[in-house]
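Asker: The structure's right below; bear with me while I get my questions together.
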Amino acid sequence: MVVDDHPMWREGVARDLAEAGHEVVASCGEGRQAIRVVAAARPDVVVLDLQLPDISGVEVIHGLRAAHAGVRVLMLSASGEQQGVLDAVKAGATGYLLKSAGLAEFLAAVRRTAAGEPVFTPGLAGLVLGEYRRLAAGGGHAATGARAAAAPRLTDRETEVLRLVAKGMSYRQIAERLGLSHRTVQNHVQNTLGKLQLHNRVELTRYAIERGLDD
């Protein structure tokens, strides 16, 4: 699903996705419209512009996830302003890509978002991880802390994969490091998400950092 208030841009993104083999189930020009449509369209990924004419991208993210809990959001914005990036990720965006990205980079970002991998324009990943570390140092996530008290035990392999997730490594990089298949790493991550009652790799990364697993 593509959400952008510029018709030519929205149509171009939808066309690029369709030509790459993705099914575009809906496209919208406003945030409230996207929230109304998402429950019926049930997209795996929403490509969302941060700046919309009616409500903010952050409000849209909250609305999308409330209406369709399984959706993953890839922000596609002309702005790389730090606070906008952090606000989007805190709201639940899986990734954040600048509109200056090339087509191949964009399509790869969509695929990775669909797989639950955090995706950020180069330079933004460090910013997001740094913010998570700052919040963890200040005890800034009480809900995750409460979950930790009764957190189920992870296997040694799941913990090993979790440490590498916390370092910002992709599934492919983790697979190469541990001598595993890409699919096996995905399965370990999905099992860990289920055990910890988390929703995506962004939340998992934050969980790991709060426990010092990125050292």
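The values are calculated or read from the model by the stated rules, or taken from the named source; none is laboratory data. From a predicted model like this one, the values you see are computed outputs, not experimental measurements. Every residue, glycine among them, receives a Cβ derived from its backbone with ideal geometry; neighbour counts consider all protein chains shown. Accessible surface is based on the protein model in full, side chains and every heavy atom, while ligands, DNA and RNA are left aside. Shrake-Rupley method; radii C 1.70, N 1.55, O 1.52, S 1.80 Å.
Asker: Karplus couplings for segment 2-7 from phi (6.51 cos²θ - 1.76 cosθ + 1.60, θ = phi - 60°), rounded to Hz, Gly and Pro as x?
Answerer: 10, 10, 7, 7, 9, x
Asker: How far apart, in nm, are the 7 Å Cα→Cβ label points at V25 and A78?
Answerer: Taking the simple label geometry, V25 and A78 are separated by 3.0 nm.
Asker: Here's a follow-up. First select every other residue whose beta carbon is under 10 angstrom from the beta carbon of L178; then total the charges, Lys and Arg +1, Asp and Glu -1. Write down the numbers at each step before the final one.
Answerer: Values: positive: R157, R177; negative: E160, E176.
Net local charge, L178 excluded: 0.
Asker: Might you tell me the accessible area per residue for segment 51-95, computed with a 1.4 Å probe and given in Å²? Don't skip to the answer; put the middle values down first.
Answerer: Values: 1690 Å² over 45 residues.
Per residue, segment 51-95 has an accessible area of 38 Å².
Asker: Next up: If R₀ is 30 angstrom, what is the calculated FRET efficiency for the pair A67 and R177, using the beta carbon separation as r and rounding to 0.05?
Answerer: Working: r = 38 Å, r/R0 = 1.25.
Working from the Cβ atoms, E equals 0.20.
Asker: Please list, ordered by chain and number, the residues whose modelled amide H lies under 5 Å from the amide H of Y96; skip anything fewer than 5 residues away on the same chain.
Answerer: Excluding prolines and chain starts, which carry no amide H, the hits are M75, V119, F120, T121.
Asker: Tabulate in residue order the Karplus-calculated ³J(HN,Hα) for segment 106-113, using 6.51 cos²θ - 1.76 cosθ + 1.60 with θ = phi - 60°, rounded to whole Hz; enter x for Gly and Pro.
Answerer: Rounded to whole hertz, the list is 5, 5, 5, 5, 5, 4, 5, 4.
Asker: Now, a different point. Distance in nm between label sites at D16 and A40, each 7 Å beyond Cα in the beta-carbon direction?
Answerer: Rounded to a tenth, the inter-label distance reads 2.8 nm.
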